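Contents: one structure, followed by commentary.
The values are calculated or read from the model by the stated rules, or taken from the named source; none is laboratory data. It should be emphasised that the depicted structure is a prediction, and the values quoted were computed from it without experimental measurement. Cβ atoms come from the backbone with ideal geometry, glycine included; neighbour counts cover every protein chain shown. Protein only, heavy atoms only, side chains kept; ligands, DNA and RNA dropped before computing areas. Shrake-Rupley method; radii C 1.70, N 1.55, O 1.52, S 1.80 Å.
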Amino acid sequence: MTQTARRREIPKAYDPGSVEQGIYDHWMREGYFTPEIDRSVTPFVMIMPPPNVTGELHMGHALTIAIEDMVVRWHRMRGEPTLFLPGTDHAGIATQVVVEKMLAADGITRHDVGRDRFVEHVWAWVDQYGDRIQNQVKRLGASCDWTRNRFTLDDGPSSAVRTTFVNLYKKGLIYRGERMTNWCPRCRTALSDLEVKHQEEDSSLYYIRYAREDGGGSITVATTRPETLLGDTGVAVNPDDGRYTDLISKNVILPVLKRAIPVVGDDSVDSEFGTGALKVTPGHNQVDFEISQRHGLAVVNVINPDGTMNENAGPYEGQERSECRTTIVEQLENEGLIERVEPHTLSIGHCDRCNEVVEPTVSIQWWMRMEALAEPARDAVTNGTIEIVPERFSKVYFNWMDNIRDWCLSRQLWWGHRIPVWYCDDCDEVNVEMERPRNCTGCGSTELTRDPDVLDTWFSSALWTHSTLGWPQQGDDLDYFYPTSVMETGYDILFFWVAKMIMMGIENTGKAPFHTVYLHGLVLDPEGVKMSKSKGNVTDPLGLIDLYGSDALRFALTTGNSPGNNMRLNESKLEASRNFANKLWNAARFVMSNLGDAAGLDRWYRPEKPSHRHDRWILSRLNTVAAQVHRFMEEYQFGEAQRVIHDFLWSEYCDWYIEMAKIRLRDPETEGPSPLPVLAYVLERVLRLLHPFMPFVTEELWQIMKEYLPEEPQRPEALIVAPYPEADESMIDRDAETEIAAVIELTRAARNVRAEFRVSPSQPIPVRVYAAPELIRVYDQEAAVIQSNAGVRILSTGPTGDVESSVDEVAQVLAQGTLVLSLSGLVDMGEEAERLGGELADLDAYRAKLSSRLQDESFLSRAPEEVVDKERQRLEATEERRTRVEDILSRLAG
Ligand SMILES: [Zn+2]
Ligand SMILES: [Zn+2]
């Protein structure tokens with residue numbers, strides 16, 4: 001049987017849509033994503049940030065997966081047992097709202113169906129749609145181990161949640177208490193700060209008079225929320241504010257309710273804001289709550305969980321919050337108590353899920369004491385156990401840790417991890433256990449009622465690094481894969497998630513959960529604006545995969561990527577990435593079409609001491625690049641690693657080496673040994689280097705290519721598990737690199753002159769080359785390459801001292817020599833000078849227009865920064881072109 005019989009024909013063009021699914025299925029079938037536990041080797045472990053089960057793939061996910069899968073593939077190819085563990089988050093409030101909306105379409109609320117039936121509805125929803133987001137993650141090529149897929153509500157993670165709650169409660173780190181929280185009146189639950197989105201809105205500042213009890217006039221307070229005055233239990237002033245010193249400890253009369261409330265002196269009051277007197281509403285404002293705690297003021301809640309005024313609101317009971325604001329302002333105006341109203345802009349918190357205005361409310365919730373947990377987590381970063389990349393985010397981390405507040409754990413939702421607490425109906429005992437106790441530990445009663453609340457979604461997320469590996473059970477996975485290696489996520493959840501994982505990892509296992517935190521930035525639209533549904537500038541990654549292919553989307557997202565920095569995604573990046581995949585495809589087609597049944601390929605995989613300069617050069621460059629890639633990957637400079645591979649493949653391999661090789665292939669007799677083994681070898685190694693960045697096209701080409709080449713000993717079955725190229729110092733050849741660099745420089749110089757003077761591509765330009773003798777030898781030997789690639793005819797070569805040039809000739813200075821091009825008969829110098837003169841005049845006019853624009857104060861103050869930047873870049877480009885044209889003109893004249 002001949003080799004040719006087994007070969008697949010390589011298609012003319014790369015069609016990602018017809019290839020990607022098949023390759024992914026192949027990887028899955030062969031089990032490449034599942035690592036083998038090998039106790040002699042340290043594994044590489046990355047736990048994927050679990051997307052919401054209700055989620056749809058957005059650009060943030062795509063960037064996360066592109067970076068994580070690239071890192072994971074790199075480690076796998078380096079022979080480390082590599083685990084990339086996927087999962088989904090039950091996303092308490094997000095999921096509950098989705099199902100509530102579904103029910104609302106039939107005119108029912110969750111209260112109509114009741115808790116048990118509602119939770120059944122949510123599970124049905126999860127069963128039907130829960131793997132949608134995971135199928136989308138697969139389309140990006142994520143090589144995660146689906147056999148270890150976890151859902152936050154699975155038995156394992158749920159048991160980890162209860163274990164942690166019970167342990168921390170018994171240690172006194174979890175307690176129940178009355179505190180201020182963000183409250184959504186529509187969802188009727190407490191919210192975390194992350195679930196509240198702030199928006200600047202136009203509002204009013206009302207100046208309201210509170211009469212002194214002793215009849216000696218009044219004090220005016222300024223407030224944006226007059227309806228909450230019904231819950232006022234004091235007025236606070238700064239004790240250093242001379243205007244009010246005599247009022248401290250006296251009483252004033254609360255309007256409407258006519259209750260006497262005290263004036264207190266508190267350092268936190270800003271004398272500059274409003275009148276310097278602050279109404280204190282401890283039930284609905286965090287700052288006021290803190291003041292009330294310092295001065296023993298009562299906490300009065302005036303708003304019901306559904307956003308209506310409650311019985312403490314007196315005549316306003318039953319009114320909606322916003323309605324109450326209007327009616328109470330009317331009453332105050334009628335009573336002459338409103339001094340004035342000023343327009344005022346303020347930041348208003350909205351529920352992230354339903355957009356309702358959030359009501360800060362004091363309520364009884366479960367809390368976690370954070371200070372003791374934060375200390376070892378802070379130390380882990382201080383002492384280098386955990387490194388945060390980029391380093392500048394360590395400051396943000398420390399700042400949070402140093403100002404940490406207790407964490408509100410309970411949510412008044414039905415979907416999530418129900419709090420493992422049972423209250424006794426017959427005594428005051430609070431039973432906190434893993435499972436429902438048979439009897440109350442206090443009195444033995446069997447009448448127990450479970451706490452109705454569920455835990456904040458971030459509680460289970462905080463345990464994710466170890467709950468996914470089986471904790472609290474001590475199994476093989478936990479033993480081998482924990483601590484994990486790198487936690488990769490967006491910088492925006494450093495505190496909400498990463499910091500909590502560090503705290504809980506150390507608390508539960510005694511070990512920091514990972515050694516590195518890698519933070520990526522946001523994906524912005526082409527104008528540099530954050531993508532959001534309300535702005536309508538969201539791009540759908542799945543649509544882009546359909547259009548450009550998964551590889552191109554991933555490559556575009558990681559182009560220029562550096563830790564912690566935001567990136568703009570635009571069409572030109574996507575097109576450039578697709579073109580790059582096509583360039584690779586075409587190069588591979590060229591190589592394979594030449595391989596045929598060529599002789600001498602037996603040991604293509606080990607090109608030992610090649611004699612030909614071109615071969616020595618490309619192998620030297622390949623190994624230099626492999627060394628650079630290794631360094632950049634180790635330093636988390638992924639964008640740089642990608643760039644050197646891109647530049648090597650595009651320019652050195654495709655544009656130079658293949659072009660040079662064509663000459664040898666055309667004329668094998670006179671031009672030396674066949675370039676085919678090296679062409680094949682370098683291409684195969686580039687496929688390996690590039691695989692983490694473009695997994696699909698590289699695997700497809702590799703699978704086709706292996707049918708064209710004699711089998712390499714220990715050849716892997718697939719590229720995904722092929723060893724990643726390492727630099728071989730012995731292949732580095734400084735002489736070949738310098739010599740070919742000189743050839744390339746000369747060729748580029750000739751091409752530039754051809755372009756500038758518009759010499760027809762079919763016309764060879766006669767040239768003379770002057771350089772040092774050792775370089776002259778190289779130019780002589782490489783004459784065929786230079787003539788073919790530069791489109792020149794070398795008339796003579798000679799030493800540097802002899803440079804001569806005349807009219808109709810252009811001299812180009814090289815790093816170590818001079819190139820003289822004779823344009824006589826090829827270019828009409830007079831006509832060319834005239835054309836360039838015209839261009840110079842146009843450039844002058846354009847430059848004047850741009851610089852006057854950039855000096856125009858009104859333009860500079862009104863135009864967005866990006867627009868001003870663009871104008872500056874235009875001016876810079878114009879200056880550059882102008883200098884160039886002047887330079888050419890002076891040479892034409894000389
Ligand atoms: Zn809400
Ligand atoms: Zn009891």
Across 10 Å bins from the origin, how do the percents of Cα pairs in the range 57-165 run, short distances first? 12, 34, 30, 18, 5, 1
Counting only residues 5 or more apart in sequence or on a different chain, those whose built amide H sits under 5 Å from that of ALA277 are ALA222
Enumerate the amide H contacts of HIS520 below 5 Å, restricted to partners 5 or more residues apart or on another chain; note that Pro and chain-start residues carry no placed amide H. THR489, GLY490, TYR491, GLY564
37 °C / 0.692 mPa s Stokes-Einstein diffusion coefficient of the range 725-826, Kirkwood radius on C-alpha pairs, µm²/s: 230
Extension length gain for LEU840 and THR449 (0.36 nm per residue less Cα distance), in nm, is 132.1 nm
Computed over the range 199-324, Cα set: Rg, Dmax in Å: 14.2, 42
Which value in nm describes the separation of the simple spin-label points at LEU795 and GLU635, placed 7 Å from the Cα toward the beta carbon? 4.8
Normalised per residue, the volume of the convex hull around the Cα set of the range 116-266 (Å³): 270
Just to be sure I understand: if I project the alpha-carbon convex hull of the range 184-270 onto a plane and average over all orientations, what area do I get in nm²? 7.7
Between the range 1-71 and the range 137-166, how far is it from one alpha carbon centroid to the other, in angstrom? 20
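For a 26 Å ceiling on Cα separation, which of these pairs sit above it: LYS535/LYS870; LYS500/LYS535; LYS609/LYS706; LYS583/LYS706; LYS395/LYS500; LYS250/LYS279?
Long pairs (Cα-Cα over 26 Å): LYS500/LYS535.
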Residue separation between VAL113 and GLN412 times 0.36 nm, minus their alpha-carbon distance, gives in nm 106.0 nm
Using alpha-carbon positions, what is the distance between the centroids of the range 752-810 and the range 815-856, in Å? 23
Residue-normalised 222 nm signal for the chain, counting each DSSP H run of n ≥ 4 as -39,500 (n - 2.57), nearest 500 deg cm²/dmol, is -13000 deg cm²/dmol
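Using the alpha carbon gyration tensor of the range 536-603, what are the three equivalent-ellipsoid semi-axes (square root of 5 times each eigenvalue), largest first, in whole Å?
35, 14, 9
What number in nm² do you get for the range 257-315 if you take the convex hull of its Cα atoms and divide its surface by four?
About 4.9 nm², averaged over all directions.
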Quick check on the range 799-876: take the gyration tensor over C-alpha atoms, sort the square-rooted eigenvalues as a ≥ b ≥ c, and tell me if it's rounded (a/c under 1.5), prolate or oblate. prolate
Mind grabbing the base-10 log of I(q)/I(0) for the range 57-116 at q = 0.22, 0.24, 0.29, 0.30 Å⁻¹? Debye formula, identical points on the C-alpha positions, no solvent, two decimal places. -0.92, -1.00, -1.16, -1.18
Ignoring solvent entirely, what values of log10 I(q)/I(0) come out of the Debye formula for the range 415-480 at 0.25 Å⁻¹ when each Cα is a single scatterer? -0.96
Computed from the beta carbon distance with a Förster radius of 25 Å, FRET efficiency for ARG259 and ALA104 to the nearest 0.05 stands at 0.05
Simple spin-label model, 7 Å along Cα-to-Cβ: GLU571 to ASP270 in nm? 4.6
Round to the nearest 0.05 the FRET efficiency obtained for THR224 and GLU391 when R0 = 51 Å and r is the Cβ-Cβ distance. 0.80
Per residue of the range 225-239, what does 6.51 cos²θ - 1.76 cosθ + 1.60 with θ = phi - 60° give for ³J(HN,Hα)? Whole Hz please, x for Gly and Pro, Karplus curve as stated. 10, x, 5, 7, 4, 4, x, 5, 10, x, 10, 10, 10, 6, x
Considering only protein heavy atoms, with the full assembly of protein chains and a 1.4 angstrom probe, order THR109, THR698 by accessible area, largest first. THR109, THR698
Given the options VAL53, TRP74, PHE84, identify the residue whose Cα lies farthest towards the positive end of the charge dipole of the range 42-135 (+1 on Cβ of Lys, Arg; -1 on Cβ of Asp, Glu). TRP74
Stretchable slack from ARG369 to ASP735, in nm (0.36 nm times residue separation minus alpha-carbon distance): 125.2 nm
Expressed in whole Å with the largest first, what are the equivalent ellipsoid semi-axes of the chain derived from the C-alpha gyration tensor as the square root of 5 times each eigenvalue? 67, 39, 22
Based on the Cβ-Cβ distance from THR345 to GLU876, what FRET efficiency comes out when R0 is 41 Å, to the nearest 0.05? 0.60
Shape call for the range 302-422 from the C-alpha gyration tensor, a ≥ b ≥ c root eigenvalues: rounded (a/c under 1.5), prolate (a/b greater than b/c) or oblate? prolate
Evaluate the relative contact order of the chain (contact order divided by residue number), counting alpha-carbon pairs under 8 angstrom at least 6 apart; express in whole percent. 12
